[in-house]
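Contents: one structure, followed by commentary.
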């Protein structure tokens, strides 16, 4: 068995363990196993399925040993993002909006108290050029004392910054940014 196939099987077994007992997710994993090709990596990531949740959760834990089982898929995703980025040849600044439905008040206060500082997000970040779309996704979120819904405005000023435009839910145009980019907090 090839190293890539072995790596993919390890990843799929992790997903099956994670989603044990969830029939719909297991069916999607089986479909992925039978239909996946590296030139469709973005399509699989953007589906409402198992991939983006576990990949981003793994990045946030910040333990490289947990990333290892997902390495082949993450490499394919980064390669496809690079390819699309080159094809788009983006040369201008972009204003994007990112909604987060359950940010802890502690994390929000930390960001507010560190205006002007750099921070790094681990995982792939989705955002939109359309503020109203992001607001629509957060409309039904109920804020409680410990958690708040937050909309971030992101100004991308570096054309080398890795961004990809793709359609996600209901044909909405969303941007996906490669992991481990640095951001500066501003008011």
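The values are calculated or read from the model by the stated rules, or taken from the named source; none is laboratory data. These numbers come from a predicted model, not from an experiment. As a convention, Cβ positions derive from the backbone with ideal geometry for all residues, glycine included, and neighbour counts pool all protein chains shown.
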Number of the condition not met by residue 27 [criteria: (1) more than 30 Å from residue 149 (Cβ to Cβ); (2) within 14 Å of the chain's Cα centre (by Cα)]: (2)
message: Criterion first (surrounded by 14 or more Cβ atoms within 10 Å (Cβ to Cβ) and modelled with pLDDT of 80 or more) does residue 77 satisfy it?
response: yes
- prompt: Residue check: is residue 60 under 18 Å from residue 127 (Cα atoms) and assigned by TED's automatic domain parsing to the domain that holds residue 138?
  reply: no
- request: Considering each of 37, 92 in turn, give the residue that is over 25 Å from residue 156 (Cα atoms), surrounded by fewer than 19 Cβ atoms within 10 Å (Cβ to Cβ) and out of contact with any strand residue (DSSP E or B) (no Cβ under 6 Å at 6 or more places or on another chain).
  value: 37
